[in-house]
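Here the structure is laid out as structure tokens; the discussion comes afterwards.
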Amino acid sequence: MSLQTQLDAALRQAIRSALDRDADPLLAPATNPKFGDYQANAAMGLSKAMGQKPRDLAEKIVAALAPGSGASALIAEATLAGPGFINLRLTDAALASAASDMLADDRLSVAPADPPQRIVIDYSGPNVAKEMHIGHLRSTIIGDALARTLDYLGHTVIRQNHLGDWGTQFGILIEFLVDMNWDADPKQLNHQVIADLDKFYRQAKQRFDSDGTFAAAARRRVVHLQSGDSRTLGLWKYLIKNSLLHFNTIYMRLGVLLNDGDIRSESSYNASLAGVVEALNHAGLLKVSDGARVVYPDGFKGKDGEPMPMIVRKSDGGYLYATTDLAAARYRIEQLHAQRVIYVTDSRQSQHFAMVFQVIKQLQWGDDVRFDHVPFGTILGPDRKPFKTRSGGTVKLSEVLDQAVQRASRVVADRDLDEKDKQRIAQVIGIGSVKYADLSNDRIKDYVFDYDRMLALEGNTAPYLINAYVRIQSIFRKVEESGIGCRVSGVGLKITDEAERSLVLKLLQFPGVVNAVAESLEPHRLCTYLYELAGGYHQFYERCQVLKADDAATRDSRLALCRLVARTLQKGLKLLGIETVDRM
Ligand code: ARG
């Protein structure tokens with residue numbers, strides 16, 4: 001049981017005996033160590049419900065925690081503060097024993113969720129025949145970190161890559177291939193690779209804009225595609241295969257969990273789109289507006305104050321992005337049996353998802369399914385405008401990763417390591433830096449993409465955290481080389497110094513932070529935590545002798561503490577999808 005869980009139980013007990021109520025103590029780590037280790041804020045909320053002053057309630061709770069109560073092994077001191085906060089200082093013995101438990105536990109005291117849920121997480125979602133660009137980076141990285149965290153908590157995580165592989169633009173692309181006679185020899189298609197998808201797309205679009213005959217043929221091509229013409233379908237599949245080749249290379253480099261089995265593309269819902277419109281009709285929600293079929297989700301008004309429609313079928317019979325999302329939601333509820341569905345896209349799609357969720361509610365499709373949109377801001381260039389190349393083009397992801405790795409290799413260039421190790425370190429640091437820079441920002445905010453900052457060895461960066469891990473590993477190498485026979489397992493941790501105490505306290509917050517990330521879907525909370533943990537470690541290391549400690553018991557305890565910090569850093573980074581190295 002994690003320390004916070006024990007503390008939670010003790011406070012619940014105190015509230016019950018003092019107020020005869022079952023209430024969440026609302027525990028949080030203290031914001032300022034001067035006031036204690038944790039604080040409990042339950043009295044504020046209870047005051048309304050019980051019609052008493054929060055301070056009076058808090059006083060009663062504090063009395064129930066007094067020495068002699070069951071909580072005294074855990075709590076050294078409980079004091080009243082402000083309008084009714086309870087500050088708690090824990091006993092050193094409780095801290096030391098909880099840290100020893102954490103050390104002995106493979107899960108680092110992170111309890112599996114009870115009950116575990118089936119959680120669908122929709123992320124990445126790049127578009128076929130367009131190169132993945134920096135905008136898809138965020139969805140891929142944030143989604144992957146959330147998938148890893150939820151999985152670690154024991155949930156059944158079902159990843160869904162909602163690949164954009166349908167729409168009128170395919171008429172243009174396929175007609176362009178036909179025009180160039182690419183499928184003259186069908187076997188040839190198996191070998192030809194489109195090296196530059198963006199360039200290909202631009203050329204096709206240019207042709208479409210400048211050549212009326214081509215444009216007309218491209219429009220007919222859409223009809224061929226929709227009616228399942230086999231030559232057209234063959235070329236469409238060819239475009240998909242090419243794009244996947246490209247996406248998978250990026251996924252592999254980023255080290256994300258997504259694979260082909262996670263793809264459930266837009267086109268896979270084609271057969272269920274008519275059924276969505278039918279379901280809306282059946283529920284009495286379908287309306288006609290200018291020949292289009294629309295639904296008006298409750299609570300959405302346009303600038304003119306009129307109800308805002310969501311179009312599900314155009315007047316020409318075509319379906320839309322929203323229709324596909326309704327079909328996808330239905331599939332996730334009915335076939336995947338999701339209990340929670342999470343969508344990771346940029347914040348410009350917030351209104352789209354809010355409307356989709358509202359329609360799902362009105363359809364009563366998944367009454368107890370929780371839908372979450374996880375929006376994020378834009379990546380900015382040094383000029384604080386959306387990140388673009390010098391010539392104003394979209395920045396390719398592959399080039400960004402190349403750059404980052406190349407710059408990271410400069411960091412380790414003059415280290416005394418062999419070439420192969422250096423290359424691997426540069427990979428881990430380069431890719432890790434790009435991911436961490438993204439994850440460590442509050443996701444809703446825009447952030448400036450800055451290689452120098454993300455690769456810096458100081459500050460809230462991947463290199464700083466990986467370096468902290470590396471330094472601990474080097475202590476253990478020294479232990480091995482020097483032949484000091486220290487105890488590794490079954491070491492009882494003890495607290496002998498203030499820096500040691502705050503480090504232990506920080507370590508014990510890990511389970512709470514992992515749970516907070518799963519609840520808020522905000523990975524930056526874990527980043528902030530790891531940064532503080534590394535800072536706490538450095539302070540400890542400056543103040544407390546480890547290998548030269550006064551006695552063997554203190555040395556072994558401190559080494560155990562080092563080991564726990566290293567494991568927590570490594571696990572935390574792993575949950576963010578970032579690797580570590582043993583030296584750098
Ligand atoms: N392909 C979409 C885009 O690039 C993202 C898909 C997000 N998922 C969804 N279910 N709509 O914007």
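Numerical summary
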read-out	value
Qualifying residue in region 360-372 (condition: surrounded by 22 or more Cβ atoms within 10 Å (Cβ to Cβ), within 13 Å of the ligand (Cβ to nearest atom) and hydrophobic (A, V, I, L, M, F, W, C))	no
Within region 158-191, considering residues that are β-branched (Val, Ile, Thr) and more than 16 Å from the ligand (Cβ to nearest atom), the one farthest from residue 209 (Cα to Cα)	178
Helices (runs of 4 or more DSSP H) lying entirely in region 197-293 (those with 2 or more residues that are in contact with a Leu (Cβ under 7 Å, 6 or more places away or on another chain) and closer than 30 Å to residue 404 by Cα)	230-254
Neighbours by Cβ (under 6 Å, 6+ apart or cross-chain): first from region 153-170, over 14 Å from residue 233 (Cα atoms) and touching a residue at least 12 places away in the same chain (Cβ under 8 Å); second assigned to a loop (DSSP other than H, G, I, E, B) and away from the ligand (no atom under 15 Å from the Cβ)	153/113; 154/112; 154/113; 154/116; 155/113; 155/116; 155/117
Candidates 526, 530 - the one that is farther than 18 Å from residue 499 by Cα and in contact with a Ser or Thr (Cβ under 9 Å, 6 or more places away or on another chain)	526
Of the criteria (1) touching a Gly at 6+ places or on another chain (Cβ under 9 Å); (2) assigned to a loop (DSSP other than H, G, I, E, B), which one residue 191 fails	(1)
Residue 390 vs. criteria away from the ligand (no atom under 16 Å from the Cβ), touching an Asp or Glu at 6+ places or on another chain (Cβ under 9 Å) and either assigned to a loop (DSSP other than H, G, I, E, B) or small (Gly, Ala, Ser) (or both)	no
Whichever residue in region 111-131 is under 30 Å from residue 101 (Cα atoms) and part of a strand (DSSP E or B) and, among such residues, is nearest to the ligand (Cβ to nearest atom)	119
Lone qualifier among 337, 352 - being within 22 Å of residue 119 (Cα to Cα), within 11 Å of the ligand (Cβ to nearest atom) and not basic (Lys, Arg)	352
Some residue of region 470-492 being aromatic (Phe, Trp, Tyr) and crowded, with 22+ Cβ neighbours inside 10 Å	no
Sole exception among (1) of a type in the set (D, E, K, R); (2) more than 14 Å from the ligand (Cβ to nearest atom); (3) without any contact (Cβ under 8 Å) to a residue 60 or more places away in the chain for residue 330, by number	(2)
Test: residue in region 316-325 that is assigned to a strand (DSSP E or B) and in contact (Cβ under 8 Å) with a residue 40 or more places away in the chain	yes
Single residue of 439, 457 found to be under 22 Å from residue 346 (Cβ atoms) and not hydroxyl-bearing (Ser, Thr, Tyr)	439
Subset of region 326-366 [farther than 27 Å from residue 288 by Cα and outside any strand (DSSP E or B)]	332, 333, 334, 335, 336, 337, 338, 339, 347
Candidate set from region 1-40 (those that are crowded, with 18+ Cβ neighbours inside 10 Å and among the polar types (S, T, N, Q)); member that is farthest from residue 510 (Cα to Cα)	39
Single condition residue 320 does not satisfy, out of (1) within 12 Å of the ligand (Cβ to nearest atom); (2) surrounded by 19 or more Cβ atoms within 10 Å (Cβ to Cβ)	(2)
Scope region 143-157; condition in contact with a Leu (Cβ under 7 Å, 6 or more places away or on another chain) and within 15 Å of the ligand (Cβ to nearest atom); matching residues	144, 146, 147
Residue among 414, 442, 421 that alone is in a helix (DSSP H, G or I) and among the charged types (D, E, K, R)	421
So residue 430, is it small (Gly, Ala, Ser) and under 26 Å from residue 256 (Cα atoms)	yes
Among (1) surrounded by fewer than 21 Cβ atoms within 10 Å (Cβ to Cβ); (2) within 16 Å of residue 374 (Cα to Cα); (3) among the small types (Gly, Ala, Ser), the one test that residue 124 misses	(1)
Among residues of region 131-151, those that are over 17 Å from residue 449 (Cβ atoms) and touching an Asp or Glu at 6+ places or on another chain (Cβ under 8 Å), counted	2
Filter pass, residue 549 being of a type outside the set (Val, Ile, Thr), under 30 Å from residue 445 (Cβ atoms) and buried (at least 16 other Cβ atoms within 10 Å of the Cβ)	no
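Every residue, every condition in (1) of a type outside the set (Gly, Ala, Ser); (2) more than 16 Å from the ligand (Cβ to nearest atom); (3) crowded, with 19+ Cβ neighbours inside 10 Å, yes or no:
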| position | (1), (2), (3) |
| --- | --- |
| 236 | yes, yes, yes |
| 250 | yes, no, yes |
| 276 | yes, no, yes |
| 296 | yes, yes, yes |
| 303 | yes, yes, no |
| 312 | yes, no, yes |
| 326 | yes, no, yes |
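None of the figures in this text is laboratory data; all of them are computed from the coordinates on show. Just so you know, these numbers come straight off a predicted model, no measurement behind them. Here Cβ is always computed from backbone atoms with ideal geometry, including for glycine, and neighbour counts include all displayed protein chains.
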